[in-house]
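The values are calculated or read from the model by the stated rules, or taken from the named source; none is laboratory data. Note that this is a predicted model, so its numbers are computed, not measured. As a convention, Cβ positions derive from the backbone with ideal geometry for all residues, glycine included, and neighbour counts pool all protein chains shown.
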Amino acid sequence: MKKGKKVKIYRRLYDGKKWGEGEPNSFLGEFEIEKVIMEDFYAGKWIGKQGKKKYLITQTEVSGMYNPANGGSKFEIDEI
């Protein structure tokens, strides 16, 4: 995610699916990325804003080794 980009964040990003597709999933909100802290293929941390509030957006890997249908990434949003 690049600085200045608006992105819709979902709780899960599944391997082989379009952004936001797959179950179980939920929409966490739309954020404007202010700062890229760390970014890799299946992990990252960003500062995003929504109105006047700022959030830490964290992406962590979810292994699909034993259940390929659930492989991908998990996102968490924390107000800062």
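Worth pointing out:
- Residues that are surrounded by fewer than 15 Cβ atoms within 10 Å (Cβ to Cβ) and in contact (Cβ under 8 Å) with a residue 24 or more places away in the chain were ranked within region 39-53; the one that is farthest from residue 11 (Cα to Cα) is 53.
- Residue match in region 2-18 (condition: part of a loop (DSSP other than H, G, I, E, B), within 12 Å of the chain's Cα centre (by Cα) and at pLDDT below 95): yes
- Number of the condition not met by residue 21 [criteria: (1) free of Cβ contacts under 8 Å to residues at least 40 places away in the same chain; (2) surrounded by 15 or more Cβ atoms within 10 Å (Cβ to Cβ); (3) not aromatic (Phe, Trp, Tyr)]: (2)
- Residue selected from region 5-18 under the condition touching a residue at least 40 places away in the same chain (Cβ under 8 Å) and among the basic types (Lys, Arg), by the criterion surrounded by the most Cβ atoms within 10 Å (Cβ to Cβ): 12
Residue-by-condition table, conditions (1) in contact with a strand residue (DSSP E or B) (Cβ under 8 Å, 6 or more places away or on another chain); (2) part of a strand (DSSP E or B); (3) at pLDDT 95 or above:
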{"residue": "23", "(1), (2), (3)": "no, no, no"}
{"residue": "42", "(1), (2), (3)": "yes, no, no"}
{"residue": "47", "(1), (2), (3)": "yes, yes, yes"}
{"residue": "59", "(1), (2), (3)": "yes, yes, yes"}
{"residue": "73", "(1), (2), (3)": "yes, yes, no"}
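- In region 59-78, the residues that are within 16 Å of residue 27 (Cβ to Cβ) and surrounded by 15 or more Cβ atoms within 10 Å (Cβ to Cβ) reach residues that are modelled with pLDDT of 90 or more and aromatic (Phe, Trp, Tyr) with C-beta atoms within less than 9 angstrom, at least six apart or across chains, in these pairs: 59/46; 59/75; 75/10; 77/31; 77/55.
- Among residues of region 54-80, those that are more than 28 Å from residue 6 (Cβ to Cβ) and either in contact with a helix residue (DSSP H, G or I) (Cβ under 8 Å, 6 or more places away or on another chain) or charged (D, E, K, R) (or both), counted: 1
- Just one of (1) more than 10 Å from the chain's Cα centre (by Cα); (2) surrounded by fewer than 16 Cβ atoms within 10 Å (Cβ to Cβ); (3) outside any strand (DSSP E or B); (4) in contact (Cβ under 8 Å) with a residue 12 or more places away in the chain fails for residue 36. It is (3).
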